[in-house]
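Here is the structure we will look at, set down as structure tokens.
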Amino acid sequence: MEFCFNLKEYLVHPVNKELLWIKWIHDNYLKNRDVLTVNAIASNSWLWKQMLKIRDKAMTLIGGIDNLEHIIGSCYKNSKVKTSALYVALSPASLKVPWFNTIWERMNYPKNSIISWLAVQNRLLTQDMLLRMGTVFTNSCCLCSGAASESCDHLFFEFEFSKIVWNKIMKWIQFRWLSCVWNCLLEWYITSLRGKRFKQRIKRMAFNASLYRIWNERNARIFLQKSKGAD
Ligand SMILES: [Zn+2]
């Protein structure tokens, strides 16, 4: 028998209606209305308004309730919507970026991967970014007493502290190839450190953890006036 998923029924009577946040949304915002058609009012919270905006965008992208119902139905397994399947179904098809395995190594702490993910796309809020955004008016690296300007390249491997940290890490995990140049390093990881062997994975983990630690140290020095030694 073909399984027929009814989205409206699911939304009005969700499986986990007893969960506190679902209860709260129903009592405060929905009040027996349907989340697919309810409109925001001025007194609603910013978050709720944003969620409804995203709902409208998603609806336009997918082409209406019927299509959405079909997609959710296809992700419904063992009486539950499988979130990962839904995410894949709703994501536009895209090519895998070359640094995917380097950054999203499974052994990484997720918080380390997030910082590296921003760094490889040059999206961390280093001073060169803030200058471009007009948030600051000069760019001089506070960590080198203003002798250089701050960018991802500078911060992660040119800055003296980072160089020491990275050299020590490389020595510790017995890298034979040594470099403190961001682009070369990333390129080398992408082309030569792709394997699934344990040692390769540890090396990827070391790269991501180092970026995270250096970024943390930079923030502690700037915002908390606290500093740790490279050791
Ligand atoms: Zn510096």
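The values are calculated or read from the model by the stated rules, or taken from the named source; none is laboratory data. For clarity, every value in this text was computed on a predicted model and none was experimentally measured. Glycine gets a Cβ as well: all are built from the backbone with ideal geometry, and neighbour counts include every protein chain shown. Quick note on the areas: whole protein, heavy atoms, side chains included, nothing else; ligands and nucleic acids left out. Shrake-Rupley method; radii C 1.70, N 1.55, O 1.52, S 1.80 Å.
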Fill in: Selection from 177, 127, 149, by position along the positive dipole direction of the chain (Cβ)
177
Worksheet item: Using unit Cβ charges (K, R positive; D, E negative) and no other charged atoms, how large, in debye to the nearest 20, is the dipole of the chain about its Cα centre?
Response: 800 debye
Worksheet entry | Global geometry of the chain, whether rounded, prolate or oblate, following the gyration tensor of its Cα atoms and the 1.5 cut on a/c | prolate
Fill in: MRE, 222 nm, helices only [DSSP H, n ≥ 4, -39500 (n - 2.57), over the chain, to nearest 500]
-15000 deg cm²/dmol
Worksheet entry | Residue-normalised accessible area of the chain, given per residue in Å² at a 1.4 Å probe | 68 Å²
Worksheet item: Using Cα atoms only, what is the angle between the long axis of helix 110-120 and the major principal axis of the chain, expressed in degrees (0 to 90) to the nearest 10?
Response: 70 degrees
Worksheet entry | Coil-residue chymotrypsin sites (Phe, Trp or Tyr not before Pro) of segment 100-180, DSSP, other Cβ within 10 Å capped at 14 | 137, 177
Fill in: About the Cα centre, charge dipole magnitude for segment 52-129 (Lys/Arg +1, Asp/Glu -1 at Cβ), debye
220 debye
Fill in: Tensor-based shape of segment 126-228 (alpha-carbon gyration tensor, a/c under 1.5 rounded, otherwise prolate or oblate)
prolate
Worksheet, complete the sentence: Of every hundred units of 1.4 Å-probe accessible area on the chain, the number belonging to carbon and sulfur atoms, as a percent, is 58 percent
Discussion item. Where in the chain is the longest stretch that carries no GluC sites (Glu not before Pro) classed as loop by DSSP and with at most 15 other Cβ atoms within 10 Å?
Written reply: 19-231
Discussion item. Suppose a student asked you for the relative contact order of segment 7-90, using Cα pairs under 8 Å spaced at least 6 residues apart; what percent would you report?
Written reply: 19 percent
